[in-house]
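First comes the structure, then the notes that go with it.
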Amino acid sequence: MARTLIRKNPSNFKTLALHVEASADGLSYQGVGMPQNFSQTLQRRKAIQLPDTERFVVELANLGVSVRLTLNWQGRDYWVLVRQRRQDRGDVVLKLISGYVPAHELNLPLLTAIQEVAEECLLETPEGWLGGRFNDTWLPTPYSAALHYREAPPFVLSPQSGAARPVQCANLTLMERPRAYVHLPTASLQLIYDLRLQVPREARPLSLFHVDERLEGNQLVARLDRKRPDLYLMPLQDGQPLPELYTVKKDQLQPASTRGLWLAESFARQEGWVVREERVRWKDWLKQQGLAESPRKPAGHLQRFSEKARALLQRARASVHKK
């Protein structure tokens, strides 16, 4: 049974619409208008069109932030993806860790990004849940009222190389150079930070879980469901993804099914500053990356033996019926 970790009042969240200007050299944004709550933000997230994907001036519903998180664990690198049922879009996708940027953090979306890691990516050991640190900044422990966090050692977040084109909030260039795109179906500006998470060697055995907030009535509720960890690892080889997905339980990688899988729009093609798709099929994304899914492993000796025995039994039964 899922365990409730926290409840929030969604009306406490406030953000701002954005004025965005883009050119071939960079993109800048700033908040405009009156603060809006979560419901008002969702109402503004309606599809728009832009005739030029490189140069435009537009007003958008909100700023969103995501983290392309590379987990270093047991000597290998993995991208971290999380499963989300998107109530506003009526679908289920695997996506990057992400969230909405509140009004008071529009000029520092990196802070929102590392807080989202603390809220959505939970690392459990037998001694308790791991806290985290970004450079010299300790991440919050959002569920400390319900979960026991270890005092040490923490996991460590660090920035990786950023995007080539700069993004500015007003006249301030954003740190760590996030990738930016305007998502046309939701009229939102999305930033993606490239971060690395190092798990301490002492944190064993390790299990990984995703916790996400869902709007239930007039509350945002976060629950932990051990039967559905909803946090997936995509292995990397020389920095490039492999066409495989896993969950982790007690230090063991467990293959995850990719049948009928969709990825969020951050995996879709970007044209200039624009992404047009709502989502992309796993198989289509693999083709775009020049990847092919791993073939099914051949049956083991025991399975082949049981299949032969079953075939012999069927023949024997058929022979009896003929007699």
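From Val101, Val93, Val117, which residue is β-branched (Val, Ile, Thr), over 22 Å from Pro185 (Cβ atoms) and either surrounded by 18 or more Cβ atoms within 10 Å (Cβ to Cβ) or in contact with a Phe, Trp or Tyr (Cβ under 8 Å, 6 or more places away or on another chain) (or both)?
Numbers: Val101 fails: over 22 Å from Pro185 (Cβ atoms); Val93 fails: over 22 Å from Pro185 (Cβ atoms).
It is Val117.
Can you tell me how many residues within region 251-281 are among the hydroxyl-bearing types (Ser, Thr, Tyr), in a loop (DSSP other than H, G, I, E, B) and in contact (Cβ under 8 Å) with a residue 24 or more places away in the chain? Full working, then the answer.
Going residue by residue through region 251-281, those that are among the hydroxyl-bearing types (Ser, Thr, Tyr) are 257-258, 266.
Subset that is in a loop (DSSP other than H, G, I, E, B): 257-258.
Adding the requirement that they be in contact (Cβ under 8 Å) with a residue 24 or more places away in the chain leaves 258.
Summing the residues that are among the hydroxyl-bearing types (Ser, Thr, Tyr), in a loop (DSSP other than H, G, I, E, B) and in contact (Cβ under 8 Å) with a residue 24 or more places away in the chain in region 251-281 gives 1.
Residue by residue through region 189-202, note down the ones that are out of contact with any helix residue (DSSP H, G or I) (no Cβ under 9 Å at 6 or more places or on another chain) and crowded, with 21+ Cβ neighbours inside 10 Å. Let's see the steps before the verdict.
Let us first name the residues in region 189-202 that are out of contact with any helix residue (DSSP H, G or I) (no Cβ under 9 Å at 6 or more places or on another chain), namely 189, 194, 196, 198-202.
Listed by number, the list holds a single entry, Leu189.
Filter region 62-77 for residues that are of a type in the set (A, V, I, L, M, F, W, C) and within 17 Å of Ile192 (Cα to Cα); which is farthest from the chain's Cα centre (by Cα)?
Filtering first and then ranking leaves Leu63.
Within region 91-110, which residues are within 23 Å of Ser39 (Cα to Cα), within 19 Å of the chain's Cα centre (by Cα) and hydrophobic (A, V, I, L, M, F, W, C)?
Val92, Val93, Leu96, Ile97, Val101
All but one of (1) touching a His at 6+ places or on another chain (Cβ under 9 Å); (2) surrounded by fewer than 20 Cβ atoms within 10 Å (Cβ to Cβ); (3) among the hydrophobic types (A, V, I, L, M, F, W, C) hold for Leu231; state the number of the condition that does not hold.
(2)
Out of Gln160, Gln168, which single residue is touching a Gly at 6+ places or on another chain (Cβ under 8 Å), polar (S, T, N, Q) and touching a residue at least 12 places away in the same chain (Cβ under 8 Å)?
Numbers: Gln160 fails: touching a Gly at 6+ places or on another chain (Cβ under 8 Å).
None of the others qualify; the one that does is Gln168.
What's the number of the condition His148 fails, among (1) surrounded by fewer than 16 Cβ atoms within 10 Å (Cβ to Cβ); (2) in contact (Cβ under 8 Å) with a residue 60 or more places away in the chain?
(2)
Can you tell me which residue is farthest from Ser207 (Cα to Cα) among those in region 78-90 that are within 14 Å of the chain's Cα centre (by Cα) and surrounded by fewer than 17 Cβ atoms within 10 Å (Cβ to Cβ)?
At the first step, the residues of region 78-90 found to be within 14 Å of the chain's Cα centre (by Cα) are 78-86.
Filter again for surrounded by fewer than 17 Cβ atoms within 10 Å (Cβ to Cβ), leaving 85-86.
On the way: Arg85: 22, Arg86: 25 Å.
Here the residue is Arg86.
Taking the stated definitions as given, is Pro178 crowded, with 21+ Cβ neighbours inside 10 Å and either touching a residue at least 60 places away in the same chain (Cβ under 8 Å) or closer than 23 Å to Pro154 by Cα (or both)?
Details: crowded, with 21+ Cβ neighbours inside 10 Å: yes; either touching a residue at least 60 places away in the same chain (Cβ under 8 Å) or closer than 23 Å to Pro154 by Cα (or both): yes.
Answer is yes for this residue.
Being part of a strand (DSSP E or B), at pLDDT below 95 and either of a type in the set (A, V, I, L, M) or more than 22 Å from Tyr246 (Cα to Cα) (or both) is the requirement here; does Val93 meet it?
Numbers: part of a strand (DSSP E or B): yes; at pLDDT below 95: yes; either of a type in the set (A, V, I, L, M) or more than 22 Å from Tyr246 (Cα to Cα) (or both): yes.
Yes, satisfied.
Of the residues Thr70, Thr137, Thr141, Thr125, which single one is among the polar types (S, T, N, Q) and under 29 Å from Thr41 (Cα atoms)?
Numbers: Thr70 fails: under 29 Å from Thr41 (Cα atoms); Thr137 fails: under 29 Å from Thr41 (Cα atoms); Thr125 fails: under 29 Å from Thr41 (Cα atoms).
Exactly one residue qualifies, and that residue is Thr141.
Within region 124-172, can you find the residues that are within 23 Å of the chain's Cα centre (by Cα) and either polar (S, T, N, Q) or on the phi > 0 side of the Ramachandran plot (or both)?
Thr125, Asn135, Thr137, Thr141, Ser144, Ser158, Gln160, Ser161 - these are the residues of region 124-172 that are within 23 Å of the chain's Cα centre (by Cα) and either polar (S, T, N, Q) or on the phi > 0 side of the Ramachandran plot (or both).
Search region 216-232 for residues that are at positive phi and pair each with any residue that is outside any loop (DSSP other than H, G, I, E, B) and hydrophobic (A, V, I, L, M, F, W, C) when their beta-carbon atoms are under 9 Å apart and the residues are at least 6 apart or on different chains.
Partner pairs satisfying both residue conditions: Asp230/Val82; Asp230/Phe209.
Hey, can you tell me all the residues within region 121-139 that are surrounded by 14 or more Cβ atoms within 10 Å (Cβ to Cβ) and either aliphatic (A, V, I, L, M) or farther than 21 Å from Lys250 by Cβ (or both)?
Matches in region 121-139: Leu122, Leu123, Leu130, Arg133, Phe134, Leu139.
Looking at the structure I just gave you, is Leu96 touching a helix residue (DSSP H, G or I) at 6+ places or on another chain (Cβ under 7 Å) and free of Cβ contacts under 8 Å to residues at least 40 places away in the same chain?
Numbers: touching a helix residue (DSSP H, G or I) at 6+ places or on another chain (Cβ under 7 Å): yes; free of Cβ contacts under 8 Å to residues at least 40 places away in the same chain: no.
No: the conditions fail for Leu96.
The values are calculated or read from the model by the stated rules, or taken from the named source; none is laboratory data. Nothing here was measured: the structure is a model prediction, and the numbers come from that model. Virtual Cβ from ideal backbone geometry, glycine too; neighbours counted across all protein chains shown.
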